[in-house]
Structures are given as C-alpha cells and as structure tokens.
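A quick write-up on the structure given underneath.
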Amino acid sequence: MFDAPYRDSKQHLVWQARSYLATSPDAVLTKEASPLVAFSWGFRIEGGSVTLEPPAHLDTAHWAEHLDVLEAAHPGWNFRS
C-alpha cells in the first residue's frame, strides 16, 4: 500500500484515510469479505501549515460506513460487518 496525497497548502483541509485488512471465509471461493483490523491516518492543513495525523487504530465498525460504495462497485459481493 502506498499513498502520497497532495493538496494546495493554502486551503484549510482535514484529510483522513482508512485502511482495512479484510478476510474471506473460504479463500475467495464465494464473494464474501469482512474486516479483521483497521487503521486511519491523514493530515491537516491550517493556515498554510501541514500537520500529519499518525497511524491510529480504527474500530472495524467503521467498515459499515463504506458498504454502499463497496456494494455499488462490486455487485454480487457480500461485505459482512
């Protein structure tokens, strides 16, 4: 995994990434996935100054917030909470 987001440092911005390690109960024989662990990270831009938000544990319950996007992008898959 690699990400290097860039934003104009003159605008106020709070940016957060969420990453999930997911599993399939039968080695992807069926289209099913559920989260095992998660973390977040990001940065803030305020007054032209950039502050990094270090990696932090994220409760896997946040996975449910992304289900609409996952299901729309991957019809036929079951994304369990």
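Every number in this text was worked out from the coordinates using simple rules, so none of it is lab data. Remember, it's a predicted structure, so these values are computed and weren't measured experimentally. Using ideal geometry, Cβ is built from the backbone for each residue, glycine included, and neighbour counts are taken over all protein chains shown.
Our helix-only sum for the chain, with -39,500 (n - 2.57) per DSSP H run of n ≥ 4 divided by its residues, gives a mean residue ellipticity at 222 nm of -2000 deg cm²/dmol.
In a fully extended conformation the segment linking W77 and S19 would gain 19.0 nm over its present Cα-Cα distance, using 0.36 nm per residue.
Net charge in the neighbourhood of W63 (other residues with Cβ under 15 Å of its Cβ; Lys, Arg +1, Asp, Glu -1) is -3. Under 5 Å between amide hydrogens, built in the peptide plane, is the criterion, and for L58 it picks out A38, F39, S40 among residues at least 5 positions away or on other chains. Extents of the chain, taken as max minus min of Cα coordinates on every principal axis and listed largest first, are 49, 24, 21 Å. Qualifying chymotrypsin sites (Phe, Trp or Tyr not before Pro) in segment 26-81, where qualification requires a DSSP coil assignment and no more than 16 other C-beta atoms within 10 Å, comprise W77.
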